[in-house]
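K.L.:
Would you mind keeping the following structure in view while I ask a few things?
What follows is calculated from the coordinates using simple rules that are stated; it is not laboratory data. Because the structure is predicted, anything quoted here is derived from the model rather than measured. Positions of Cβ are backbone-derived with ideal geometry, glycine not excepted, and every protein chain shown enters the neighbour counts.
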Ligand SMILES: [Ca+2]
């Protein structure tokens, strides 16, 4: 371990989180973030059950329009940073997964492209002389979340994205329980709407982490594009439909997995509470492995929109 590692406060790793290649610890890296998570309000969770009641007939043709609780279409001038009222930009490194990048702030690695997209860019550079857990950082990238700005319990969450490509890339759209600052991880729960690792260019994973089923023991499934297609070749929509006791994952409307408390063998279902959203592009780590000579930089995670609504919809 480097001295740098010991100087920075980091959450404890849970014991027994399994084989390295499947270990996926996704903890907030700073106490500041935890404090923000604690401050996240349950602004609409108290109305969740009412909102999930059947709508009076005739149902509107586009029920989603009236039920949207969070939306960012990433419209704005090219080069501008994300809307700070919607997104908190996390900075620093992440030793928990042995990720290799430094997450920067501002618009350095997360910027609008002027054509309605957020682009999270992973670069092989270190203009700020950032120091990572393993020494001088080799890469920069970005990680955003809605902690303290938006949380949701149940409903539909989706993002339309074009993924990066190459060994070592690890883009993700995921959620953490807003009580992580109080109960820690994995008791907080983690819902991974979409994760991709570069060595599987045509496959994405949807996963649940909770107490007794995290890291190597997490509960999940995967979806693979037909005909050898790759997620870096075009935009796809990644979604979960979430209701009391059930979470369903889909890609482009194709459902590939539903999980319920029956899958947990008596372990606790920790998904009946508000969660916040996270978008990030990690470079390297236990699960994806590190970039190699075949990896080209920069790589981009291009996000057309993120949208959350109260109603199930597919
Ligand atoms: Ca857009």
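K.L.:
As a test of the definition: which semi-axes, in Å, follow for region 189-248 when you take the square root of five times each eigenvalue of its alpha carbon gyration tensor? Largest first, please.
P.N.:
24, 14, 8
K.L.:
Still on this model: How would 188, 141 line up from fewest to most surrounding beta-carbon atoms within 10 angstrom?
P.N.:
Neighbour counts put them in this order, fewest first: 188, 141.
K.L.:
Rank-order 302-310, 289-297 by packing density, defined as the average count of other C-beta atoms within 10 Å over each peptide's residues, highest first.
P.N.:
302-310, 289-297
K.L.:
Here's a follow-up. Could you check the spin-label model distance between residue 272 and residue 86? Points 7 Å from the Cα along Cα→Cβ, value in nm.
P.N.:
With each label point 7 Å from Cα toward Cβ, the separation is 3.2 nm.
K.L.:
Another question, if that's okay. When a footprinting reagent is the concern and you count Cβ atoms within 10 Å, what order do 179, 93 take, fewest first?
P.N.:
179, 93
K.L.:
For region 242-314, what log10 I(q)/I(0) values come out of the Debye formula at q = 0.20, 0.22, 0.25 1/Å, with one point per alpha carbon and no solvent?
P.N.:
Calculated log10 I(q)/I(0) at the listed q: -1.10, -1.16, -1.24.
K.L.:
Given that compact globular proteins tend to follow 2.2 N^0.38 Å, what is the ratio of the alpha-carbon Rg of region 147-259 to that value?
P.N.:
1.07
K.L.:
Rank these for me by crowding, 85, 214, 80, going from fewest to most other beta carbons within 10 Å.
P.N.:
85, 80, 214
K.L.:
Counting only Cα, what are the radius of gyration and maximum Cα-Cα distance Dmax of region 155-220, in Å?
P.N.:
Here Rg and the maximum Cα pair distance are 13.1, 37 Å.
K.L.:
Then there is this: What is the distance in Å between the Cα centroid of region 100-127 and that of region 234-294?
P.N.:
Answer, in whole Å: 23.
K.L.:
Would you work out the Kirkwood radius for region 75-206? I mean one over the mean of 1/r across all pairs of different Cα atoms, in Å.
P.N.:
By the Kirkwood definition, the hydrodynamic radius is 16.1 Å.
K.L.:
How many percent of DSSP beta bridges within region 94-192 run antiparallel, rounded to 5?
P.N.:
So the antiparallel bridges amount to about 75 percent of the total.
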